[in-house]
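Contents: one structure, followed by commentary.
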Amino acid sequence: MPVVKVLTAGIGEADLREIATYEARGGYRQWKRAVRELSPADVLKAVDASGLRGRGGAGFPTGRKWQFLPASDAPRYLVCNCDEAEPGTFKDHMLLEENPHAVLEGILLGAYGIASHHAFIYIRGEFKRGYQIFSRALEQARAVGYVGTNVLGTGYDLEVTVHRGAGAYICGEETGLLNSLEGKRGEPRLKPPFPAVAGLYGMPTVVNNVETLAYIVPILERGPEWFASVGTERSKGYKIVSVSGHVQRPGNYEVPMGTPVRELVEIAGGLRPGRTLKAIQPGGGSSACIFEEHLDLPYDYESMAKAGSMLGSGAFVVFDDTTDFVKAAHNLVRFFAHESCGQCTPCREGGHWLERVLERFVHGRGLPGDLEMLHRVSGSITGLNLCALGDSIEPFLKSVLRRFPEQFEARVIGRNGVAAR
Amino acid sequence: MAHQDSGEKVTVTIDGIPLQVPKGTLLVEAAKLAGIEIPVYCYHTKLGPAGLCRICLVEIEGMPKLQIACNTPVTDGMVVRTQGDKVTTGRATVLELFLVNHPLDCPICDKGGECDLQDYAMAYGRGTSDLADPKERKPKAVDLGPTIVLDEERCIVCQRCVRFDALIPGERRLVVKERGHRDIIATATGEPYRHHFTGNVTELCPVGALTSKTYRFLSRPWDLQRTETSCVHCSVGCRQYADVRYGTLLRTMSVPGDDAISDGWLCDRGRYNIGFLSARERLTQPLHRRDGAFVAIDWEEALSLWADALRAVLKEKGAAGVGVIGGGRLLNEEAYLLQHLFRSLGIRNIDWRAGRQRQATPGNDGGDLAALERAQAIVVLGASPGERAPVLDLRIRKAVMRNGARLVRIAPLEAPPPIPATDVATVEEAMAAIGGAGRIAIVWDGVDVELARRLVAACDAQGAERFTYITGEQGNARGAEAMGMLPSSGPGYASLPEGGLSTDAMLRAAADGAIGALAIFGANPLLRYPDAALVRAALERVPFVAVADLFLTETARQATLVLPAAHAYEKRGTIINATGSLLPVEPAVAAPDGVLSDLEIAIGLAQQLGVALPSEEEVHRAVVAAAAAMPELTLGDVLFGDAARARDVAADDRRNGESAAAIRLAVETALFTGGGTCAHDERLAALRARQRVRLAVDDARVLGVRDGDRVDIVVGERALRDLPVAVDASLRAGTAVLIDGIPDRPANLFLPGEVVQMTRARAAVAVEA
């Protein structure tokens, strides 16, 4: 079994929330080294060389993202996106609560890497406990001079601000997050300009995921080559995968990129006895399903994309033969319709329309023509939206409509035995 | 907007048409140049891209997904298709989705016939829908505020209204509430949507969600006869369309492309104050006072009575015994002809100034509206342009919000605009607040001549480039000056060596019995001149007072002869706005039977008096020449004859360096005031300013009154009773502020800066006891 312990090392064994414990295990050594001995460019170079890609969902190369920042004297900001809300994802939640100092050290290194003097962490509103734990960790780090003005006497100032969201999925979208952080309505911004040019308060900004930033600590510790040596050609390093659904031991598992899909199911205890696999949603609620024919694919960005899905944030949801895919589709579409900010038409109107039709299906009241409508409308709204939310409605629905049409057909009035009344 | 023109051109091909456009041009704008329509809802040239509605999808070579034309700047070599299967499907999808929950109530919707949703659905929609579920219900006929009704079901959430409110007036009252398909438009605070520019959102709204209360269910666009004219409610002179159905002016709309004057916006006074035209109280017959009561007479009799009176006075007292007041509300041609007529008779006592304003023409340092946008600092002196020239104030807000200009207000009385502004007490403080700005705009109300002079001198001392603006108390104040409605200058500001009396001197002379006949055109000094007692004394003493106006105003009620006059919407001619533009006025409706324009009145009187008048052609040439004249003067210059004013008590005190520890009255300007068009438009009831006295916290404490309590203000015989109190923390102790021009409680009962006695209103005391 390829389970590894990098970011998850020590979790469950020691109380990493205590700064002393964290430091005893080598914590903050990289921050001290970086701020004393390395230049921001050194940190950026290491991150770039490691091949680290964004763990929040889009998988964009982190080093490249940082390089988009224009050279200027304007203030620049690092924002840690801890609004983890993708259905099926619970890795950042765990890191925040169980290894908060690693998250903080990653934030400090990331901010230093882009020569920022002010970093923010935007914590999902529901993560109250995580917020408390992280805030305490931050105060501990501040007390010993790792954060604030003149860090460790080096003359480098780095402030970290903790912000709690109010519980909206859309605030995980980086520009929605920035608006919310500024105190505005959490709506994604029109791009361009991109945050690297005009982000938080109109200043150059990098938004990185919790896991992404946390991996910078081991990358500096063991070298970018160590990280780059693991995984597949374009998907390097490790990944925490949140496995859930119809497995016997759901949970977060840290594995090398490219671990076969089949193994991920096995790591999580496999299916329940006597059950057969129907589908896997490999990259969170926004991703299309893959099926048994994909079990031997390596779990990496490219293979998942090739299979018509995506790795996303690493939320790996397993469905066995007890699954009602009509209900599952309705549940997800309802989620996206509910979380639509309402700015753009296809997402606002389309999502809600699909939800209402699927709701009828759930109650066995599908109409002839509805299936065509579901296919047509879900397909046509994709690609028309301002942000990715609107494009997240179709993938799961379409994949299960195609794979399990009989489950939907059976809910059409006149074909379901219930018949039209 | 949204792009900087660097001069560099790029080539883009749209639907096969190659096009050279400035680098950075948005695709949606580039397409317009090629004559290609790209449908838009959320995008608006003045608001920029928002990327919300997704209707402007186009195909760009090399890009897999459809792109929105509104936020895509063209790049060199870009090849764009606005037609084709992909685009057609994308647009049709978006339209289908707009209509999923749209009520399709076009037959009863005011927007029907000029609705972008209707039009694009016809042009680009599928024609059918797969919708099998009931439509969402949302609030209908929501009373958003005094001017606007909202239908949530029709709203397509393009957010033009929300963005307008934030970007143009900077008011930020409108927001989107709720989320997703539950989105609704509302005010952030839940209070009524109210400021001076609300009506613009009804024009921006591409569907029938936001409609004007004054226009609901009244007409269809194809039934409207449209006239392009200039608004005369204030001195900005916004171009506007006047839309008429069956002889009634139903609405006014902004004129797209009027970038020089209105910038595409109208204020709510200019938009909504049209109901007075058909008010029941409108005068339609001359009235003659006989034995203390008015008797309706015909025009011939009226003009002959007037001519007789004039002849008698001229014979008895000479030309010095005749006075003429008014002109700021007339058209240029009328003002020109009137001064010509009276000067032909040797009459020199001519002055348009009937209120507080003393100067309306800034001279050759006067700026245009676009220059105001480019100012690095803007100093406001006197009445708030937001109340007196609202659309000019939008330029100030643009300069501040978009271009970072610094706004400084000297001793302001009105509430601050919703943008950063520094309020100072003196010219010196203003200069300090400006810093070293090189381009300074001064916006003055033409009242405090001494302060204006000092400000100009201070700007000059700094070596700054100076642009000056004078907002007019009356819409054509500057035109009246250019046409020679001044005691010592004729048309084109030609100096008249033998000047006549100013309004102030005329009123004094009249009160002393030296004036035998007075004519007042489109002016209401009894409500607007800063010394009502003097005006009343004058009107009572003059044997023959002729007043030409639309209504039986405060002043007209004191007249011997009242002449029903036409409004600018009913006549043709020109005006000169505050920045010196000569603007055409076209008749949108016919004047009611029995009403004559001031031009016709002048001609009629001239006939009676046997005075030959210049031809229409000659008048036109004279007006154009006078409008082009540029006097050598600046703010505060007294070129127009005796500008001395009714006793300005505060100025006396300033000169004497004395400051009594008592409450002095100051007067602020408000947009919806006056005894004429505003008072007689019943649909403005909710917008009209109501008199109240603003009191400093300390003064309120001393008086023992709180917000909403009532006070009496008394000076000798003069009293305003039972005034509501508004306690204002920003006010300096010792100053109380009344609103000018409120008919039922006129502030001009008291002199500017007069020390008053203020006590709790007896009624209120009684209730408490």
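The values are calculated or read from the model by the stated rules, or taken from the named source; none is laboratory data. Bear in mind that the values here come from a model prediction, so they are computed numbers and not experimental data. With ideal geometry, Cβ positions are generated from the backbone for all residues, glycine too; neighbour counts draw on all protein chains shown. Ligands, DNA and RNA are stripped out before the accessible areas are found, and what is left, the full protein with its side chains, is counted by its heavy atoms. Shrake-Rupley method; radii C 1.70, N 1.55, O 1.52, S 1.80 Å.
Some points to look at:
- Comparing the full protein assembly with the isolated chain, the residues of region B:112-140 losing at least 20 square angstrom of accessible surface (1.4 Å probe) are B:ASP130, B:LEU131, B:ALA132, B:ASP133, B:GLU136.
- Counting only DSSP beta bridges with both residues in region A:19-228, the antiparallel share comes to about 10 percent.
- log10 of Debye I(q)/I(0), alpha-carbon scatterers only, for the protein assembly as shown at 0.07 Å⁻¹: -0.81
- Peptide A:375-382 is shielded by partner chain Cβ atoms: per residue, an average of 3 of them sit within 10 Å of its Cβ.
- Remark on B:ILE378: its backbone amide H falls under 5 Å from those of B:ARG406, B:LEU407, B:VAL408, B:ALA441, a criterion applied only to residues 5 or more positions apart or on other chains, H modelled at 1.01 Å from N.
- Sparsely packed GluC sites (Glu not before Pro) within region B:150-228, loop by DSSP, other Cβ within 10 Å at most 14: B:GLU178
- Residues of region A:339-353 that lose at least 40 Å² of accessible area (1.4 Å probe, protein heavy atoms only) when the other protein chains are present, relative to their chain alone, are A:GLN343, A:THR345, A:ARG348, A:GLU349, A:HIS352, A:TRP353.
- For region B:21-29, Karplus couplings with θ = phi - 60° (6.51, -1.76, 1.60), whole Hz, Gly/Pro x: 9, x, 4, x, 4, 6, 3, 4, 7
- Only protein atoms count toward the accessible area here, which uses a 1.4 Å probe; on the protein assembly as shown, the carbon and sulfur part of that area reaches 52 percent.
- Across region B:464-474, computed HN-Hα scalar couplings (Karplus, 6.51 cos²θ - 1.76 cosθ + 1.60, θ = phi - 60°) run 7, 6, 10, 10, 10, 9, 10, 7, x, 5, 10 Hz from first to last residue, x flagging Gly and Pro.
- A straight line joining the Cα centroids of region B:220-252 and region B:487-521 runs 36 Å.
- Rounded to whole Å, sorted largest first: equivalent-ellipsoid semi-axes of region A:1-143, Cα gyration tensor: 24, 18, 16
- Taking amide H as placed 1.01 Å from N in the peptide plane, the amide H of A:GLY148 sits under 5 Å from that of A:LEU158, A:GLU159, A:VAL160, each at least 5 places away or on another chain.
- Computed from the Cβ-Cβ distance with R0 of 45 Å, the FRET efficiency linking A:TYR201 to B:PHE217 stands at 0.45.
- In region A:19-228, inverting the average of 1/r over every pair of distinct C-alpha atoms gives 16.8 Å as the Kirkwood radius.
- Of the beta bridges in the protein assembly as shown, as assigned by DSSP with both residues counted there, near 50 percent are antiparallel.
- Pairs of alpha carbons in region B:120-216 separated by more than 24 Å make up 24% of all such pairs.
- Taken as Cα centroids, region B:324-343 and region B:116-181 sit 48 Å apart, rounded to the nearest whole angstrom.
- Distances between placed amide hydrogens fall under 5 Å for B:GLN225 paired with B:VAL244, B:ARG245, all partners being 5 or more residues away or on another chain.
- Alpha-carbon centroids, region B:38-70 and region B:719-738: separation in whole Å: 52 Å
- Counting only protein heavy atoms and a 1.4 Å probe, region A:191-330 has 34 square angstrom of accessible area per residue.
- Based on the reciprocal of the average 1/r between different C-alpha atoms, the Kirkwood radius for region B:540-616 equals 14.4 Å.
- P(r) of region A:228-303 over all Cα-Cα pairs, binned every 10 Å from zero, in whole percent: 20, 54, 24, 3
- The Rg/Rh ratio for region B:132-278, using Cα coordinates for both the radius of gyration and the Kirkwood hydrodynamic radius, is 0.98.
- Two-site FRET efficiency, B:ALA719 against A:PHE60, from Cβ-Cβ distance with R₀ of 60 Å, rounded to 0.05: 0.20
- Rounded accessible area per residue of region B:251-310, 1.4 Å, Å²: 39 Å²
- Over 41 Å [Cα-Cα, chain A], rounded percent: 16 percent
- Taking every alpha-carbon pair in region B:9-98 and binning the separations at 5 Å intervals from zero gives 3, 16, 28, 26, 19, 7, 2, 0 percent.
- Between B:LYS9 and A:LYS45, the simple label model (points 7 Å from Cα in the Cβ direction) yields a spacing of 4.7 nm.
- If you wrap the tightest convex hull around every Cα atom of region B:369-470 and split its volume per residue, you get 81 Å³.
- Over chain A: helical MRE at 222 nm, DSSP H runs n ≥ 4 each giving -39500 (n - 2.57), nearest 500: -11000 deg cm²/dmol
- Nearest-0.05 FRET efficiency for A:GLN67 and B:ARG690, computed from C-beta distance (R0 41 Å): 0.10
- Rounded to 5, the percent of DSSP beta bridges in chain B classed as antiparallel: 55 percent
- Long hydrophobic helices in chain A, taken as whole DSSP H segments with a C-alpha length of 18 Å or more on their own axis and mean Kyte-Doolittle hydropathy at least 0.5: A:100-113, A:210-222.
- The alpha carbons of chain B give a radius of gyration and a Dmax of 28.1, 91 Å, in that order.
- Neighbour-limited loop hits for trypsin sites (Lys or Arg not before Pro), region B:129-184 (at most 11 other Cβ within 10 Å; DSSP other than H, G, I, E, B): B:ARG137
- Taking both sides together, the accessible area buried where A meets B is about 2900 Å² for a 1.4 Å probe.
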